[in-house]
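Student: Sharing a structure, written as structure tokens. Questions coming.
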Amino acid sequence: MPVSAADATAANAETLTRAGIADKKLANDFSDFLTLLTTQLQNQDPLDPMDSGEFTQQLVAFSGVEQQIQTNQNLENLAALTQLNNIGNVTNYLGYDALVEASFGDHTTDGIKWQYSSTKSADDIKLQVLTEDGDLIYEQAGNKGVGLHDFVWNGKDKDGNLVDPGNYELKVVAKDADGAKLNIGIAVQETITAVNTAGNVPTFTIGPNTVPQSDILSLVRKL
């Protein structure tokens, strides 16, 4: 969806909050300093005038802080513009296939593509496809080696029948030679069907999963 002027204004307002507060506080402090300085000068002893060096140092300090705040404001403006530019571009991802860390995928007629990975060799590993209710409908042996492996499920149950469309989960049951359970990473490849840019961080609908942009592992243009 396109980025509206209201979204841009809100994003800028949010990112400028910290520098704006600091700038306002500095202005108040500087005003108090000038009031105090004026009062002291008006009441000083003409025969023993106050040393101007301390006032000069404080003025220099205020000037340095003001410049730092202005630098921070410029950096925040740049970050906000970069973020808004990213939000405007993410809609170009629509229609791409994306690989995300998730165990659930959406089956229509052609099954689901998963990847699983292990940092340790398995002595026994099983790939199980479950319904949303947790019912086991398909199982096969998996690759026991270390690394990343593909698993393309054709959408059929253990009897070779095409199952109904819906969301299905991959569960990987793996054990090492000592019988200890191994932690297996799982990712699913699905099509990006929607992008939500309502907030500063866009979220993507990828199959049955809704994830931020940082959770997308890779993009694949569909041929």
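Student: Name the single residue, out of those in the stretch 158-206 being of a type in the set (S, T, N, Q) and in a strand (DSSP E or B), that is farthest from GLY145 (Cα to Cα).
Tutor: ASN196
Here's the yes/no breakdown for (1) closer than 14 Å to ILE186 by Cβ; (2) among the aliphatic types (A, V, I, L, M):
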| residue | (1), (2) |
| --- | --- |
| ILE137 | no, yes |
| GLY145 | no, no |
| TRP153 | yes, no |
| LYS156 | no, no |
| ASP159 | no, no |
| LYS171 | yes, no |
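Student: Is one or more of the residues making up the stretch 180-188 farther than 20 Å from TRP114 by Cβ, assigned by TED's automatic domain parsing to the domain that holds SER117 and not basic (Lys, Arg)?
Tutor: Yes, the conditions are met somewhere in the stretch 180-188.
Student: Kindly check whether there is at least one residue in the stretch 90-97 that is exposed (fewer than 15 other Cβ atoms within 10 Å of the Cβ), modelled with pLDDT of 75 or more, acidic (Asp, Glu) and not in a helix (DSSP H, G or I).
Tutor: No - not one qualifying residue is present in the stretch 90-97.
Student: Another one. Out of THR109, THR119, which single residue is at pLDDT below 95, within 30 Å of THR203 (Cα to Cα), within 30 Å of the chain's Cα centre (by Cα) and surrounded by fewer than 16 Cβ atoms within 10 Å (Cβ to Cβ)?
Tutor: Among THR109, THR119, only THR119 is at pLDDT below 95, within 30 Å of THR203 (Cα to Cα), within 30 Å of the chain's Cα centre (by Cα) and surrounded by fewer than 16 Cβ atoms within 10 Å (Cβ to Cβ).
Student: Considering every residue within the stretch 156-171, establish whether at least one is under 29 Å from the mean Cα position of the chain (by Cα), farther than 17 Å from ILE112 by Cβ and assigned by TED's automatic domain parsing to the domain that holds ASP106.
Tutor: Taking every residue of the stretch 156-171 in turn, none turns out to be under 29 Å from the mean Cα position of the chain (by Cα), farther than 17 Å from ILE112 by Cβ and assigned by TED's automatic domain parsing to the domain that holds ASP106.
Student: Quick one: in the stretch 122-148, of everything that is in contact with a strand residue (DSSP E or B) (Cβ under 7 Å, 6 or more places away or on another chain), of a type outside the set (A, V, I, L, M) and in a loop (DSSP other than H, G, I, E, B), which residue is surrounded by the fewest Cβ atoms within 10 Å (Cβ to Cβ)?
Tutor: Within the stretch 122-148, the match that is surrounded by the fewest Cβ atoms within 10 Å (Cβ to Cβ) is GLU132.
The values are calculated or read from the model by the stated rules, or taken from the named source; none is laboratory data. What you are looking at is a predicted structure, and each value in this text was computed from that prediction instead of being measured. When we count neighbours, we look across all protein chains shown, and the Cβ atoms used for this are built from the backbone with ideal geometry, even at glycine.
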